[in-house]
1. Could you check how much of the accessible area of segment 150-191 is carbon and sulfur, as a whole percent, using a 1.4 Å probe?
2. Taking all protein chains as present, what is the carbon and sulfur share of the accessible area of segment 16-81, in % to the nearest whole number, probe 1.4 Å?
3. When all protein chains stay in place, what accessible area (Å², nearest 10, 1.4 Å probe) is found for ARG211?
4. Given R₀ = 25 Å, what would the calculated FRET efficiency be for ALA43 paired with ARG128, taking r from the Cβ atoms and rounding to 0.05?
5. Which order do you get for GLU18, GLU74, GLU51 if you rank them by accessible area with a 1.4 Å probe, largest at the top?
6. Can you list the trypsin sites (Lys or Arg not before Pro) in segment 32-124 that are in a DSSP coil and have 11 or fewer other beta carbons within 10 angstrom?
7. What nm value, rounded to one decimal, do you get for the distance between LYS199 and GLN233 when each label is placed 7 Å out toward the C-beta?
8. Apply the Karplus parameterisation 6.51 cos²θ - 1.76 cosθ + 1.60, with θ equal to phi minus 60°, to every residue of segment 214-226 and state each ³J(HN,Hα) to the nearest whole Hz, in sequence, with x for glycine and proline.
Amino acid sequence: MSDELASVQPTVLLVDDEPDERLLIRRELEKAGMQVYECNSGAAALEKLTEMTPSVILLDVIMPGKDGIETCKEIRSFQECKDIPILMLTGVDGLDYIRRAFDAGATDFITKTTTLHFVSQRIKYALRNNSRTQDLQSWQQQLKQVHQVAGIGYWQLSVPDCRIALSDEALKLFGVERGEFDNAFSSFLDLVHLSDRDKVKAVVDNALFNREKLNVDHRIITKNGVECFVNLQGEVAYNGGAPVNVVGIIQDITER
């Protein structure tokens, strides 16, 4: 767990209709330095979540009225709860329960036969993993913003079917909406300036079959008829010596 996460007291929303179960779990979690809020039903948990946002939710699967799986699904519909770890408490064996719970948005399972000490450890693990996921998402968003400022887009070519996927920023360079591009490599070449198409195709073919470097400057014509200069780069992946796909970037270099 990061130092920042460890310095903040985690809040746990414990949802179980059995008061004895709640008491035992609460004592163990408080001993581990967590602040625990209790609810005895799914409906009460949903009401509680309108008042506070916990660090993690511990949710019993089998409860009268709204069961844990249905409650989990509704919790995930709350915008502020879409990324909160939800650990399901269950004394029931069966793959069907597990599948349904994960489909509803559960993060993990804890059996009620588990030693109570491991409950707090599983919660700490879930919180640490969630913190790393949020850090990664934040980094990816920052990276996306940097690429937008720099005018860098991504592309990926599937060699067997000659299909090319373009990122939002790449499509923006061409002035094309996602629904207007059919992902065919021939359609990509249509966006290249007529005078540069043979050059681009030759560079791609050399990279695929002659293992030459894929790095070429060329012109494109946007949907609005504007001529721009871009740099196209790519890295080829092989399987048994045969090219299978290419991943690369495309950057607007008109000013340069």
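1. Answer for segment 150-191 is 53 percent, counting heavy atoms of protein chains only.
2. 46 percent
3. 150 Å²
4. Efficiency for this residue pair is about 0.25.
5. Greatest to least solvent exposure: GLU51, GLU18, GLU74.
6. Taking segment 32-124 and a limit of 11 other Cβ atoms within 10 Å, the loop trypsin sites (Lys or Arg not before Pro) found are LYS82.
7. About 1.8 nm separates the two model spin labels.
8. Couplings: 9, 7, 8, 9, 7, 9, 10, 10, 6, 4, 8, x, 7 Hz.
The values are calculated or read from the model by the stated rules, or taken from the named source; none is laboratory data. As the structure is a prediction and not an experimental result, all values here were calculated from the model. Neighbour counts run over all protein chains shown; Cβ positions are idealised from the backbone, glycine included. When the accessible area is computed, the model is the full protein with side chains, heavy atoms only, and any ligands, DNA or RNA have been set aside. Shrake-Rupley method; radii C 1.70, N 1.55, O 1.52, S 1.80 Å.
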